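Trainee: Below is one structure. I have some questions about it.
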Amino acid sequence: MNTTRLMDFVKIVRGEFMSGDPHACFAAVSVDTRTLASGDCFFALSGPFYDGHDYIKDAVSKNAAAIVFSRRRITLSDDKISLGLPAIIKVEDTLRALGDYAAFARRAFDARVAVVAGSNGKTTVKNMLSAILSSDGDTHKSPGNYNNLVGLPLSILGASGDEKYVVLEAGISVKGEMARMGAISSPDIVVMTNIGSEHLAGFTDLAGVFKEEMILLDFLRPGGVAVLNMDDERLSAASRGIRKSVIRYCARPESVADITASSVSVSPDGVSFKLDYGAGEILDIRLNINGVFNVSNALAAASAAKAFGVPALKVKKGLESFTPVEGRMQILKLPNGCVIINDAYNANPDSMRAALWAFCDSYAQRSKILILGDMLELGESETAEHESLADFIMTLPFDEVLLVGERMRLTARRMKILHEDAPVKHLADAEFLSDVLRAPKYSEPSSAVFFKASHSVGLSSVAAKLYADRSREI
């Protein structure tokens, strides 16, 4: 983003200028003093487990250009504030101020903005779409999974504003978040991947998730386009009543969809299919990622590209150049031939089942070891979902299952009830798992080892360590 003068910034965030030079400028913002650069504007954000106001002195020592703090947290008499800074700006709510500043920056963009939302596949679709758009013009995308009320504004503020495209990601955990993210991002394109069992602790049921997700469409700019998945029952039904321009996609040939797939085939190295881009343009696509569900992710990205007017050959180039990030169906091949699949960046009941099925389908000829961890934020559905997962696992052709975490204890118990001799072992946490995986049998040449869990369980780092250790030893 271009530089902003402090006297203008104060008006944007509806703050009060306490001290400093109102004519001074800054170009970047930070919410973390560990990565703050000299001249940044520091927002002292607060959450359940941290308080950015505790790090104001660190921001001062790193020559922050300005400090944005909340009147509710501290006063100028507090020893956390040191007078003589270039600027001190007091606001009612620092998170709100960050969003207001990002919304201002968004309105100044020449770039066209796509926001990817939905329960599963957001980050993959965002990265696929960015890979496509990058072949058509300068593109900025949100880093990692910057998809909440902190990450989305930071993603916007990380853009120069001169790009042709900006691709963002919006994820929700409680009511009210999507409306705020919609107001901040003001999208030209909204991609809705699917509606699944995510963050049920904040929404109770799928109807609540659906209602919150669909609010984002209310914030489409005039002439904006909604990209909707016709394989999702709720989105398919909703598409008929939306008073917006809509591009519909479906992972099978279907007359009501605008972009479809056919001739899908899977292999240990990826997924191939024919993509019907409309107007008689059929593209042969080969994705360098496992999981037949990634066909749907590719169609979502292609549909958004279609809405932006990107030519078909650039869609093919972008999709085939896409590589998965760590923890998302990432294929790690050991020198002896053993395959490790790291899909442990996140998990909910729907994504868990889809990924397990895809893994077993892709590696039908190998011995299959499933290493699964807790699925978090399921609220009152937590027990039922972990128990029903056991029923699903027992339908799969696996050789061994290692279950990690307190919630997965329910899955292990249910599997033993279903089959007393089921080859399943429960472990308290990822640290115990690392010890177990030292056994040679977990890296045999003919084996495929699959990791999946909610991110905080820590299985992604265990998968990476297993690969690194065995690569050196074999």
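Trainee: Return the distance in nm (one decimal) between the two label points of a simple spin-label model at V174 and E233, each offset 7 Å from Cα along Cα→Cβ.
Mentor: About 3.1 nm, to one decimal.
Trainee: Now, a different point. Could you list log10 I(q)/I(0) for region 109-321 at q = 0.18 Å⁻¹, which the Debye formula gives when each Cα is one point scatterer?
Mentor: Here log10 of I(q) over I(0) equals -1.30.
Trainee: Taking the Cα atoms only, what angle lies between the long axis of helix 94-107 and the longest principal axis of the chain, rounded to 10 degrees?
Mentor: Tilt relative to the chain: about 90 degrees.
Trainee: Ok, one more. For region 206-263, what class follows from the C-alpha gyration tensor (a ≥ b ≥ c being the square roots of its eigenvalues): rounded when a/c is under 1.5, otherwise prolate if a/b is larger than b/c, else oblate?
Mentor: Judged from the Cα gyration tensor, region 206-263 comes out oblate (a/c at least 1.5, b/c at or above a/b).
Trainee: Given a cut-off of 26 Å, name the pairs among K244/K317; K333/K368; K126/K211; K164/K314 whose C-alpha atoms lie farther apart than that in the structure shown.
Mentor: From K244/K317; K333/K368; K126/K211; K164/K314, over 26 Å: K244/K317.
Trainee: Any idea what the dipole of the chain comes to, in debye rounded to 20, about its Cα centre with Lys/Arg Cβ at +1 and Asp/Glu Cβ at -1?
Mentor: So the magnitude is around 760 debye.
Trainee: Based on DSSP H runs of at least 4 residues, each adding -39500 (n - 2.57), what is the mean residue ellipticity at 222 nm of the chain after dividing by all its residues, to the nearest 500 deg cm²/dmol?
Mentor: It comes out at -10000 deg cm²/dmol, rounded to the nearest 500.
Trainee: Using a 7 Å offset from the Cα along the Cα-to-Cβ direction at both E320 and L396, what is the distance between the two label points in nm, to one decimal?
Mentor: For E320 paired with L396, the spin-label model returns 3.1 nm.
Trainee: Could you work out the local net charge near P187, counting Lys and Arg as +1, Asp and Glu as -1, over the other residues with Cβ closer than 12 Å to its Cβ?
Mentor: Taking every other residue near P187 into account, the sum is +1.
Trainee: If you add up the charges near I331, with Lys and Arg at +1 and Asp and Glu at -1, over every other residue whose beta carbon is less than 15 angstrom from its beta carbon, what do you get?
Mentor: +3
Trainee: What order do you get for F9, F451, F109, F392 when you list them from fewest to most C-beta neighbours inside 10 Å?
Mentor: F392, F109, F9, F451
Trainee: Students often check this: by mean Cβ neighbours within 10 Å, which of 268-281, 116-129 ranks highest, and how do the rest follow?
Mentor: For the peptides 268-281, 116-129, the packing ranking is 116-129, 268-281.
Trainee: List M415, M394, M181 from most exposed to least, where exposure is judged by having the fewest other Cβ atoms within 10 Å.
Mentor: If I rank by nearby Cβ atoms, fewest first, I get M394, M415, M181.
Trainee: Extent of the chain along each principal axis, from alpha carbon coordinates, in Å, largest to smallest?
Mentor: 70, 55, 43
Trainee: Under a plain spin-label model, where a point goes 7 Å from the Cα along Cα-to-Cβ, how far apart in nm are V256 and V436?
Mentor: So the label points at V256 and V436 sit 4.4 nm apart.
Trainee: Among K452, K306, K11, what is the fewest-to-most ranking by other Cβ atoms within 10 Å?
Mentor: Exposure proxy ranking, most exposed first: K11, K306, K452.
Trainee: Only loop residues by DSSP count here, and only those with at most 10 other Cβ atoms within 10 Å; note down the GluC sites (Glu not before Pro) in region 348-425 that meet that.
Mentor: E420
Trainee: How many percent of DSSP beta bridges within the chain run antiparallel, rounded to 5?
Mentor: 30
Trainee: Summing +1 for each Lys or Arg and -1 for each Asp or Glu, what net charge is found among the other residues whose Cβ lies under 9 Å from the Cβ of L168?
Mentor: Around L168, the surrounding residues sum to +1.
Trainee: List, largest first, the extents of the alpha carbons of region 330-473 along their principal axes, each in whole Å.
Mentor: Taking max minus min along each principal axis of the Cα atoms, region 330-473 gives 44, 29, 24 Å.
Trainee: When only alpha-carbon atoms count, how far does region 129-221 stretch along each of its three principal axes, as whole angstroms with the largest first?
Mentor: Extents along the principal axes, in whole Å: 41, 25, 22.
Trainee: Using Cα pairs under 8 angstrom and six or more residues apart, how large is the relative contact order of region 243-384, in percent?
Mentor: Reported as a whole number, the value is 18 percent.
Trainee: Taking the Cα centre of region 109-321 as the origin and placing charges on Cβ (Lys, Arg +1; Asp, Glu -1), which of S245, N127, G137 is farthest toward the positive end of the dipole?
Mentor: Positive-end residue among those listed: S245.
All of the numbers you see were taken from the coordinates with simple rules; none came from a lab. Just so you know, these numbers come straight off a predicted model, no measurement behind them. We place every Cβ from the backbone using ideal geometry, glycine too, and count neighbours over all the protein chains shown.
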